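The values are calculated or read from the model by the stated rules, or taken from the named source; none is laboratory data. Here the structure is a predicted model, which means the values were calculated and not measured. Using ideal geometry, Cβ is built from the backbone for each residue, glycine included, and neighbour counts are taken over all protein chains shown.
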Amino acid sequence: MEITEQLTDTKKRVTVEELQIEILPVIYEIIRSIEKDHIDTSAKTKESQDCSQKVLELQKRLDQARAQILLLPGIEFSKERQLVQLEALKTQLRLKQELLHKYRYMYSFQSHKA
């Protein structure tokens, strides 16, 4: 067993549907705070500090998203290896479908009356 397989076996696996990545609200808040045009210098300073806090919150959420994405199965493989694995699985599926089709029409499972 490879080291990467051992590491991924010990990790909790998640699906894409289970990922909880919410960065758009924070990005929206950052953009809104940048768009505001304050005449008062103290308001600009306060808004700048708030914007800095929102950027830090965005960075925190991006780090959490990266950590969650690393739990996805197959993420440790390169694109080429994933494509090779996909082709192998497609071949397996095709062969199994052919076998099922062959066995389905090979014998009649109805009992013969004598």
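With the checklist (1) under 29 Å from the mean Cα position of the chain (by Cα); (2) hydroxyl-bearing (Ser, Thr, Tyr); (3) surrounded by 11 or more Cβ atoms within 10 Å (Cβ to Cβ) in hand, flag the one item Ser33 doesn't pass.
(1)
When Leu72 is evaluated against the numbered criteria (1) loosely packed, with under 10 Cβ neighbours inside 10 Å; (2) assigned by TED's automatic domain parsing to the domain that holds Gln20, which criterion, by number, is the only one it fails?
(1)
Would you mind telling me which numbered condition in (1) surrounded by 10 or more Cβ atoms within 10 Å (Cβ to Cβ); (2) at pLDDT below 95 His112 fails?
Condition (1) is where His112 drops out.
When the residues of segment 75-106 are narrowed to those that are outside any helix (DSSP H, G or I) and surrounded by 11 or more Cβ atoms within 10 Å (Cβ to Cβ), which ends up modelled with the highest pLDDT?
Phe77
Among the residues of segment 1-24, count how many are surrounded by fewer than 12 Cβ atoms within 10 Å (Cβ to Cβ), in a helix (DSSP H, G or I) and either modelled with pLDDT of 80 or more or not hydrophobic (A, V, I, L, M, F, W, C) (or both).
Qualifying residue count, segment 1-24: 8.
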